[in-house]
Amino acid sequence: MKSAALAVALSVTVAAAAAQETKVAIGISGWTGFAPLTLAKEAGIFKKNGLDVTIKKIPQKDRHLAIASGDIQCAATTVETWIVWNANGVATTQIFQLDKSYGADGMVVRNHINKISDLKGKTVAASAPGTAPYFTLAWFLKKNGLSVKDVKIVNLEPQAAANAFVAGAGELDAAMTYEPYLSTVRAKPEAGKIIATTLDYPMVMDTFGCTPKFLAENPKAAKALADSYFEALEMIKAEPKKSFAIMGADVKQTAEQFEASQKYLRWQDREANRKFFAGEHAQFSKEAAELLLEVGIIKQIPDLSKLADTRFIQ
């Protein structure tokens, strides 16, 4: 009888624990920088911290629609994208930084093109306006005396852009892409070359955020999301081979391939997060917002002071 009673008590305890798990759906892409979120899920870190996480792969150009519809509550994307979403009425708040690109985002060009200013009048593949590759293109062009109006843009997502460029399809003179797809071009020097990356223009950085409603109703879950991310980074340090295998499998890469692609970015730990949100985030957001307004992606700059909530990284 005792064992039966104990079994019932245990099942009730397990059921209660399961019931306490906060459900949260997160929208991401196959970008290498987001991979620790996948690791946190697959390695049971989210679950250990009381979260029932569903990760959905949603193109960046559609991620805000998924938030607006309630299909997801949180997402990972670039810092300037949150500005676009908020400017367009999709209220979202960043709560921790994921990564900084160190050569993981770039522009590839045909071998006869020697400088970015040579792209005037040429055809460039990039994701739709409001996405990181489009913004990166606008940033690179502006730094070289051009604007998006000086080139013909063909809208292709990063993987498709890299594949089309390597295949020589669509008469592309250049393309905007990122890891792991940028390595597709690294491996095919006869197709073209990488003319500029975020080593030349350090302006791609990713953060994780949620709707104000989710944060207000689930502050403990928001803290658990941040803590889980930092724990995933610790796991990568402690068990790199296992971690690379898990993260690589999600984007159809071997552990070795994934390890190679992650060398072009830096995941940001808790201390790096505190430093970033102490000043760099606000400074970059201001410059990014001005460029977004200039190229017509947004009609007005939203209240930049409300775009981040740093409670959860302390």
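The values are calculated or read from the model by the stated rules, or taken from the named source; none is laboratory data. All values derive from a computational prediction rather than experimental measurement. Cβ atoms come from the backbone with ideal geometry, glycine included; neighbour counts cover every protein chain shown. For the accessible areas, the whole protein counts, side chains as well, though only heavy atoms, and no ligand, DNA or RNA atoms are used. Shrake-Rupley method; radii C 1.70, N 1.55, O 1.52, S 1.80 Å.
Determine the dipole magnitude for the range 98-194: charges of +1 sit on the beta-carbon of Lys and Arg, -1 on that of Asp and Glu, nothing else is charged, the reference point is the Cα centre, and the result goes in debye to the nearest 20.
320 debye
Taking a ≥ b ≥ c as the square roots of the Cα gyration tensor eigenvalues, with a/c under 1.5 meaning rounded and otherwise prolate when a/b beats b/c, else oblate, which class fits the range 100-181?
The shape class here is rounded.
May I ask for the equivalent-ellipsoid semi-axes of the range 266-314, computed as the square root of five times each C-alpha gyration tensor eigenvalue and listed largest first in whole Å?
25, 12, 8
DSSP beta bridges in the range 89-189, what fraction antiparallel, as a percent rounded to 5?
45 percent
With springs only between Cα atoms under 10 Å, which of F208, F96, F277 fluctuates most in a Gaussian network model of the chain?
F277
In Å and on Cα atoms, what radius of gyration and Dmax does the range 35-143 show?
So, for the range 35-143, Rg and Dmax equal 17.2, 54 Å respectively.
Specify the residue with the greatest mean-square fluctuation among S261, S228, S147, computed from a Gaussian network of the chain linking alpha-carbon atoms under 10 Å apart.
Looking only at S261, S228, S147, the largest GNM fluctuation is found for S147.
Determine the calculated [θ] at 222 nm for the chain from helices alone, applying -39500 (n - 2.57) to every DSSP H run no shorter than 4 residues and normalising by the residue count; nearest 500 deg cm²/dmol.
It lands at -13000 deg cm²/dmol.
Kirkwood Rh over Cα pairs of the range 63-105 into Stokes-Einstein at 25 °C, 0.890 mPa s: D in µm²/s?
For the chosen part, D equals 216 µm²/s.
For the range 178-283, state the average projected area of the convex hull of the C-alpha atoms over all orientations, rounded to one decimal in nm².
8.8 nm²
Give the value in nm², to one decimal: projected area of the alpha carbon convex hull of the chain, averaged over all directions.
One quarter of the hull surface, i.e. the mean projection, equals 17.5 nm².
In whole percent, and with a 1.4 Å probe on the protein chains, what portion of the accessible area of the chain is carbon and sulfur?
54 percent
Show L293, L182, L156 ordered by accessible area, largest first, where the area counts protein heavy atoms only and the probe is 1.4 Å.
So, going from the largest accessible area down, we get L293, L156, L182.
Calculate how many DSSP beta bridges within the chain are antiparallel, expressed in % of all such bridges and rounded to the nearest 5.
Roughly 60 percent of the beta bridges in the chain run antiparallel, per DSSP.
Strictly over 24 Å apart at the Cα level, which of K56/K149; K142/K299; K149/K299; K57/K100; K23/K213 would you flag in this model?
K56/K149
Compute the acute angle (0 to 90°) between the alpha-carbon long axis of helix 240-250 and the principal axis of greatest extent of the alpha-carbon atoms of the chain; round to the nearest 10°.
It is inclined by approximately 70 degrees.
Check the straight Cα-Cα distances from K263 and name the aspartates and glutamates below 19 Å, setting aside those fewer than 8 residues away within the same chain.
D99, D105, E179, D200, D206, E234, E239, D250
With every protein chain kept in place and ligands, DNA and RNA left out, what is the accessible area per residue of the chain? Probe 1.4 Å, answer in Å².
45 Å²
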